[in-house]
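Colleague: Below is a structure I'd like to ask you about.
The values are calculated or read from the model by the stated rules, or taken from the named source; none is laboratory data. This structure is a prediction, so every number in the text was calculated from the model and none was measured. Every residue, glycine as well, gets a Cβ built from its backbone with ideal geometry; the counts of neighbours run over all protein chains shown. For the accessible areas, the whole protein counts, side chains as well, though only heavy atoms, and no ligand, DNA or RNA atoms are used. Shrake-Rupley method; radii C 1.70, N 1.55, O 1.52, S 1.80 Å.
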Amino acid sequence: MTVNVKPIVKLVDIVKSYKTEQGQEIHVLNNLNAEIPEGEFVVIVGPSGCGKSTLLFIIAGLEPVNSGTVYLYDVKVTKPSSKLGVVFQETAIFYWRTVLGNAQYGLEMKGIKKDKRREIAMKYLKMMNLQDFINSYPKELSGGMKKRLAIAMVYANDPEVLLMDEPFTGLDYPIKCRLQMDLLNIWDKEKKTTIFVTHDVEEAMMLSDRILVLDRKKIVLVYDNPFERPRKNKLRDEERFIKEVQKLRSRFIYL
Amino acid sequence: MVSEKISKKRYKFNLEFYLRIISIPLFFLLWYLLFEYLGHYRIPSPITVFRIFFPTILDSPKLAMAGGGREGFLPHIISTLYKTLAGFTLGSILGVGLGIAMKWFKWLDSSLSLPIDFLRVMPPLAFVPLLFTIFGRSLFSQIAVIILFAFLVVVVSTLNAINNVSPICQKFAITLGATRGQVYRTIVFPSILPELIGAIRVGIIWAWGYQVIIEMMGAYEGIGKVFLLTKTLNALDLIVVGVLWVIIFAAIMDTILYLVLRYVTRWQPRVTE
């Protein structure tokens, strides 16, 4: 599916390396280039430790690069901002605020008035099916519900791009599937440009418009997702889906 | 078999319950027996103590005779209370303020952390003779030690607590658009509050005890002063009354802070193993 839409996020010649405590220099990304058009749901897959989370943090402005630039709407990204919303792998919600207080957080920091921010927060909490828990503290929520809250918080803040760092890794399979459906539901309503990182190829196939395979410090494969939307859970069991996932998985293991 | 287990459980439960109930009266019984054995020159009778406890709040001829004023214990209790509370509150506010400032300005942390570590290990009471000599036995001298003590306890607690604030929560707040100041106000401060209140709860009981001792070292009024006066009279019953007041207010302060702590930590998930 090629879209003739202007790219919203551009990665130009990104080079990134770390120094370990022993003084060794570890190269993580080497002249990485990519373009992500507006409204696309892009998934970055790769083996664990290949630098995909690092890449996501670089796009978010949370990590510096050795050289190269990240552009958001042709403006250089140098520091984090509310334009680049992030859902972290570790659930980073605020336990001392109620569910509603959490959802309103970004809006509160922007200075939006009480009534307006309550309205916006409630809209996204409803989309994530958390409307019955608005006055509860996060300690009363299950793991999956906490993830949904984090997603609602970032969506309520209306970022230009949504960045998600393996948010569903570590959850058990049925909850993962449920959360993926929730995410697709909410994405469907506003088609917000999303960059999602995971090592789970099935997850990538279920969520993406395009998959970028990150291996050996570069994007080595760009894969257009053939499956039509809206996607339902039962797609996972269909033979063509399983075949496609296997095909992709095998391609990047041997790359 | 099941009924056997249940009846055993109920039996055990009853024993614990009754033990708790009789523990306090048992203590007073032992006190009384000790009094009978040692005589009233060595230990006051619990009955005497109870008899004079309430009247002496407002009027104690013995105390007046020793130089403690005509209004009984009350002015002394109020004096020690407000010195402790005022001193501790002021010291705490300074402590939190400086702790946060030191984390905000790295240069402040570098320059102050060694002096603080040094002062922290010194016994606060060691400063009292020095202060009394330089500033006299004024209110200032008495409260200064409490302020210093509270300040050190709270600043160390604040610095530690801020180090433990979840970095991922701070990052998340920034990606949601919070400025550094907003992160401190909405993330750091609520996160450190439980630990702070916990430290204050312990600290204020120590401060209460220190204040009494400072007064014994030569103040003009306060419960410590009462101890000093009653020593000359050898009025053991008044001493015990004084001790009871110290214990009562320590318990009250502890309970109030416990309730505050419970409210402040109402959002914390309980750790279950």
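Colleague: Please state which of the following conditions B:Thr89 fails to meet, knowing it meets all the rest: (1) open to solvent by less than 60 Å² (accessible area, probe 1.4 Å); (2) closer than 28 Å to B:Gly224 by Cβ.
Modeller: It is condition (1) that B:Thr89 fails.
Colleague: Among the residues of segment A:1-50, what is the count of those that are touching a residue at least 60 places away in the same chain (Cβ under 8 Å) and aromatic (Phe, Trp, Tyr)?
Modeller: 1
Colleague: Are any residues in segment A:56-74 out of contact with any Leu (no Cβ under 8 Å at 6 or more places or on another chain) and at the interface with chain B (Cβ under 7 Å from one of its Cβ atoms), and if so, which ones?
Modeller: The one that is out of contact with any Leu (no Cβ under 8 Å at 6 or more places or on another chain) and at the interface with chain B (Cβ under 7 Å from one of its Cβ atoms): A:Leu62.
Colleague: Another question, then. Looking at (1) assigned to a helix (DSSP H, G or I); (2) among the aliphatic types (A, V, I, L, M); (3) surrounded by 14 or more Cβ atoms within 10 Å (Cβ to Cβ), which is the only condition B:Ile248 fails?
Modeller: All conditions are met except number (3).
Colleague: If B:Tyr220 satisfies every condition in (1) within 14 Å of chain A (Cβ to nearest Cβ); (2) in a loop (DSSP other than H, G, I, E, B) but one, which is the exception?
Modeller: The failed condition is (1).
Colleague: Please indicate, with yes or no, whether at least one residue in segment A:113-134 is within 12 Å of another protein chain (Cβ to nearest Cβ) and surrounded by fewer than 19 Cβ atoms within 10 Å (Cβ to Cβ).
Modeller: No: segment A:113-134 contains no residue that is within 12 Å of another protein chain (Cβ to nearest Cβ) and surrounded by fewer than 19 Cβ atoms within 10 Å (Cβ to Cβ).
Colleague: Output the residues belonging to segment B:138-168 that are more than 14 Å from chain A (Cβ to nearest Cβ), open to solvent by less than 30 Å² (accessible area, probe 1.4 Å) and over 22 Å from the mean Cα position of the chain (by Cα).
Modeller: Correct list: B:Ile162 only.
Colleague: So which residues in segment B:196-223 are within 30 Å of B:Lys171 (Cβ to Cβ) and crowded, with 18+ Cβ neighbours inside 10 Å, if there are any at all?
Modeller: B:Leu196, B:Ile197, B:Ala199, B:Ile200
Colleague: I would also like to ask the following. Are there any pairs, at least 6 apart or on different chains, whose C-beta atoms fall under 8 Å, with the first in segment B:169-190 and within 7 Å of chain A (Cβ to nearest Cβ) and the second surrounded by fewer than 17 Cβ atoms within 10 Å (Cβ to Cβ), and if so, which?
Modeller: B:Gly177/A:Lys110
Colleague: If you scan segment A:194-212, which residues turn out to be in a helix (DSSP H, G or I) and either farther than 17 Å from A:Arg229 by Cα or in contact with a strand residue (DSSP E or B) (Cβ under 7 Å, 6 or more places away or on another chain) (or both)?
Modeller: A:Val201, A:Ala204, A:Leu207 - these are the residues of segment A:194-212 that are in a helix (DSSP H, G or I) and either farther than 17 Å from A:Arg229 by Cα or in contact with a strand residue (DSSP E or B) (Cβ under 7 Å, 6 or more places away or on another chain) (or both).
Colleague: Can you tell me how many residues within segment A:194-216 are closer than 19 Å to A:Met128 by Cβ and either surrounded by fewer than 17 Cβ atoms within 10 Å (Cβ to Cβ) or touching a residue at least 60 places away in the same chain (Cβ under 8 Å) (or both)?
Modeller: Selection size over segment A:194-216: 4.
Colleague: Let me ask something additional. Which residue is farthest from the other protein chains (Cβ to nearest Cβ), if the candidates are limited to segment A:156-179 and must be within 27 Å of A:Glu63 (Cα to Cα) and in contact with an Asp or Glu (Cβ under 8 Å, 6 or more places away or on another chain)?
Modeller: Ranking the qualifying residues of segment A:156-179, first place goes to A:Phe168.
Colleague: Going through segment B:228-245 one residue at a time, which ones are in contact with a Leu (Cβ under 9 Å, 6 or more places away or on another chain) and either among the hydrophobic types (A, V, I, L, M, F, W, C) or exposed (fewer than 13 other Cβ atoms within 10 Å of the Cβ) (or both)?
Modeller: B:Leu229, B:Leu233, B:Ala235, B:Leu238
For every residue, the table says whether it meets (1) within 11 Å of B:Ile77 (Cα to Cα); (2) assigned to a helix (DSSP H, G or I).
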site	(1), (2)
B:Lys225	yes, yes
B:Leu228	no, yes
B:Ile239	no, yes
B:Asp254	no, yes
B:Leu257	no, yes
B:Arg262	no, yes
B:Pro269	no, no
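Colleague: Now, a different point. Please state which one of A:Val77, A:Val87 is within 13 Å of chain B (Cβ to nearest Cβ), surrounded by 21 or more Cβ atoms within 10 Å (Cβ to Cβ) and free of Cβ contacts under 8 Å to residues at least 60 places away in the same chain.
Modeller: When all the criteria are applied, what remains is A:Val77.
Colleague: Residue by residue through segment A:56-78, note down the ones that are in a strand (DSSP E or B) and either closer than 15 Å to A:Ile36 by Cα or not hydroxyl-bearing (Ser, Thr, Tyr) (or both).
Modeller: A:Gly68, A:Thr69, A:Val70, A:Tyr71, A:Leu72, A:Val75, A:Lys76
Colleague: Could you tell me how many of the residues in segment A:79-105 are over 22 Å from A:Asp188 (Cα atoms) and assigned to a helix (DSSP H, G or I)?
Modeller: Residues that pass the stated criteria total 5.
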